[in-house]
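Beneath this line is the structure, given in structure tokens, with notes to follow.
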Amino acid sequence: MDEEIFRRMLAMHSSPEIQACLAAVESIAGYKLSAVDRQPFLYFHNYLTNPEPKFITEWRSSPTTEARYTAFANGILHDVQNTFACVLYHYGRLKSIETSVVEGLERHDYRRALGTSTLALGNTLILDFEYQAFILALRRCLDYLARAVCTYFKNDFHSFRRLSKFLEKLTPIEVSAPLIEVHQRYVPNFEFVLSDGERKSLRDRISHYGYVQAGTVNLSRRGFLLAGGGENLGSGGAHGSATLSEVLDAHVKNLRGCLRDMILCYVDSIGRHEAPTA
């Protein structure tokens with residue numbers, strides 16, 4: 001690029017008007033991960049760039065292999081990272097909605113009006129919309145992670161549920177074996193979005209079979225309860241008496257741990273395998 005053109009573009013970008021426009025767009029449409037949640041992605045980026053590994057330099061040097069580099073880098077830094085942000089966005093919205101519902105209800109003396117009765121309230125569609133989006137985003141994030149991991153092995157495999165079985169076939173084993181260990185530790189936590197045979201996951205129920213609610217608002221003299229829904233809340237089942245927020249907290253904690261451990265294991269295993277030999 002001509003030096004003068006570059007200077008003009010830089011000056012334009014740095015102008016107060018353009019900076020104000022950028023800030024306005026970001027304040028309305030932007031979303032940023034916390035420093036903690038960015039850490040595994042920064043770890044991956046640092047490995048790619050400081051210094052650039054030899055195999056990455058080789059991939060980038062040829063048009064026939066540059067696409068492999070792009071898939072390798074963008075798989076983690078774009079697909080997985082942005083979809084994790086999507087999960088966290090819907091998670092935050094769900095928790096905010098649940099809190100606002102409780103605050104709105106507590107402005108009214110519904111306990112006295114109900115007496116010993118229980119009342120189910122309808123039209124919580126926005127809660128449903130956010131819940132369904134959360135479930136679908138979480139599943140996408142896992143499958144994008146599987147695909148990103150497999151790019152190093154020059155493969156486009158994308159099923160998180162079957163990732164261990166697939167990695168068993170791949171070499172170098174110095175990279176695949178540690179990833180299998182981490183995957184097997186986390187995959188049981190995600191059965192709710194991973195179908196297996198006749199057992200249909202929440203993700204598949206939402207995508208292919210029917211409308212899934214976040215839950216039904218029940219009011220009684222004991223207070224507010226969100227019951228039923230995709231997590232089968234308030235039934236004394238797997239989640240016991242947990243609230244929707246508490247169940248979502250556990251889902252996000254598991255996803256956060258899985259992403260962190262898989263990405264760090266991925267980087268460290270590749271780093272050891274690709275390290276120059278004396």
**Request:** Considering each residue of the stretch 78-117, count those that are out of contact with any helix residue (DSSP H, G or I) (no Cβ under 6 Å at 6 or more places or on another chain) and closer than 30 Å to V267 by Cβ, and give that number.
**Result:** 6
**Complete:** Scanning the stretch 164-186 residue by residue, those of a type outside the set (S, T, Y), under 24 Å from T65 (Cα atoms) and without any contact (Cβ under 8 Å) to a residue 24 or more places away in the chain turn out to be F166, L167, K169, L170, I173
**Prompt:** Does any residue of the stretch 58-74 turn out to be of a type in the set (A, V, I, L, M, F, W, C), touching a His at 6+ places or on another chain (Cβ under 9 Å) and open to solvent by less than 90 Å² (accessible area, probe 1.4 Å)?
**Reply:** yes
**Request:** Please report, ordered by residue number, the helices (runs of 4 or more DSSP H) entirely within the stretch 122-196 with at least 3 residues that are in contact with an Asp or Glu (Cβ under 9 Å, 6 or more places away or on another chain) and not β-branched (V, I, T).
**Result:** 125-151, 173-186
**Fill in**
In the stretch 1-32, anything open to solvent by less than 80 Å² (accessible area, probe 1.4 Å), assigned to a helix (DSSP H, G or I) and hydroxyl-bearing (S, T, Y) is listed as S14
**Asked** Of the residues that make up the stretch 92-107, is at least one crowded, with 18+ Cβ neighbours inside 10 Å and free of Cβ contacts under 8 Å to residues at least 24 places away in the same chain?
**Response** no
**Fill in**
The condition of being at pLDDT below 95 and in contact with a helix residue (DSSP H, G or I) (Cβ under 8 Å, 6 or more places away or on another chain) holds, among I5, I56, I18, only for I18
**Message:** Looking only at the stretch 197-229, how many residues end up being in contact with a helix residue (DSSP H, G or I) (Cβ under 9 Å, 6 or more places away or on another chain), among the small types (G, A, S) and part of a loop (DSSP other than H, G, I, E, B)?
**Reply:** 4
**Extreme residue, most open to solvent (accessible area, probe 1.4 Å), among residues of the stretch 244-267 that are free of Cβ contacts under 8 Å to residues at least 60 places away in the same chain and out of contact with any strand residue (DSSP E or B) (no Cβ under 9 Å at 6 or more places or on another chain)** = K253
**Prompt:** Which members of the stretch 136-163 meet the condition of being within 21 Å of R203 (Cα to Cα), open to solvent by less than 10 Å² (accessible area, probe 1.4 Å) and free of Cβ contacts under 8 Å to residues at least 24 places away in the same chain?
**Reply:** A146
**Request:** For the stretch 1-18, indicate whether the set of residues that are under 30 Å from Y266 (Cβ atoms) and among the aliphatic types (A, V, I, L, M) is non-empty.
**Result:** no
**Request:** Go through (1) more than 30 Å from D261 (Cβ to Cβ); (2) within 24 Å of the chain's Cα centre (by Cα); (3) among the aliphatic types (A, V, I, L, M); (4) open to solvent by 60 Å² or more (accessible area, probe 1.4 Å) and name the single condition L127 misses.
**Result:** (4)
**Complete:** By residue number, the members of the stretch 164-178 that are touching a His at 6+ places or on another chain (Cβ under 8 Å) and either crowded, with 19+ Cβ neighbours inside 10 Å or not acidic (D, E) (or both) are S164, L167, P172, V175
**Prompt:** Looking at L225, L219, L179, L194, which one is at pLDDT below 95 and over 18 Å from I126 (Cα atoms)?
**Reply:** L219
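The values are calculated or read from the model by the stated rules, or taken from the named source; none is laboratory data. Note that the coordinates shown come from a computational prediction; the quantities given were computed from them, not determined experimentally. When we count neighbours, we look across all protein chains shown, and the Cβ atoms used for this are built from the backbone with ideal geometry, even at glycine. Surface areas here come from the heavy atoms of the whole protein model, side chains and all, with no ligands, DNA or RNA. Shrake-Rupley method; radii C 1.70, N 1.55, O 1.52, S 1.80 Å.
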